[in-house]
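These notes concern the structure reproduced below.
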Amino acid sequence: MTVVGLDLGGTKIAAGVFDGTRLLSKVVLPTPEEGGIAVVQALAEATRKAEAEAGVEGVAIGLGTPGPLDFKEGVIRFTPNIRGLVNFPIRRLLEEATKRPVHLENDANAAALAEHHLGAARGEGSSLFLTVSTGIGGGVVLG
């Protein structure tokens, strides 16, 4: 199954197209300083560019975003490092822009899972991931 992974950061948006665990393409764009709907547009653009580079369309999108999230509603409650994303319905807006289902996750949790399954912690029973970038966060994978 081919999917698109998106990482929304304070300064950049990274998009990768994956076929299982194999990375087919990667695109990096700057995060729009004006925030809000411009961020959704940039996420959709990164998705299109990564898919064009890979030569395939993803069936779904996984989106990692900073800040506290309302997973049920698909809303970013607040981001400390991106303007205009307060009680922001990111999932609905990105689904409308890309015509694909979007699965929302905290960016540090998504990075912890990726590192555990695909990176340096691959094959370990449990792992701890810490990130210090535009913000500070982390995630734990147990068992």
Can you tell which of Gln41, Leu63, Val17 lies farthest toward the positive end of the dipole of the stretch 1-98, using +1 and -1 charges on the Cβ of basic and acidic side chains (Lys, Arg; Asp, Glu)? Leu63
Between Thr21 and Val132, what length comes free when the chain is fully extended (0.36 nm per residue of separation minus the Cα-Cα distance, one decimal in nm)? 37.5 nm
List the lysines whose Cα lies under 21 Å from the Cα of Lys26, skipping any in the same chain that are fewer than 8 positions away. Lys12, Lys49, Lys99
What part of the accessible area of the chain, given as a whole %, is carbon or sulfur when the probe is 1.4 angstrom? 55
Rounding to the nearest 20 debye, state how big the charge dipole of the chain is about its Cα centre with +1 on each Lys and Arg Cβ and -1 on each Asp and Glu Cβ. 40
Solvent-accessible heavy-atom area per residue, rounded to whole Å², over the chain at 1.4 Å: 54
Using the basic label-point model (7 angstrom from Cα toward the beta carbon), what is the Lys99 to Phe71 distance in nanometres? 3.0
Of the labelled options (i) 28, 19, 14; (ii) 22, 20, 13; (iii) 29, 23, 11, which one gives semi-axes √(5λ) of the Cα gyration tensor in Å as computed for this structure? (ii)
Among DSSP beta bridges lying fully in the stretch 1-140, give the percent that are antiparallel, nearest 5. 70
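The values are calculated or read from the model by the stated rules, or taken from the named source; none is laboratory data. Given the structure is predicted, the values throughout are model-derived calculations rather than measurements. In this analysis, Cβ positions are derived from the backbone assuming ideal geometry, glycine residues included, and neighbour counts consider all displayed protein chains. Keep in mind that these areas ignore ligands, DNA and RNA; they rest on the heavy atoms of the full protein, side chains included. Shrake-Rupley method; radii C 1.70, N 1.55, O 1.52, S 1.80 Å.
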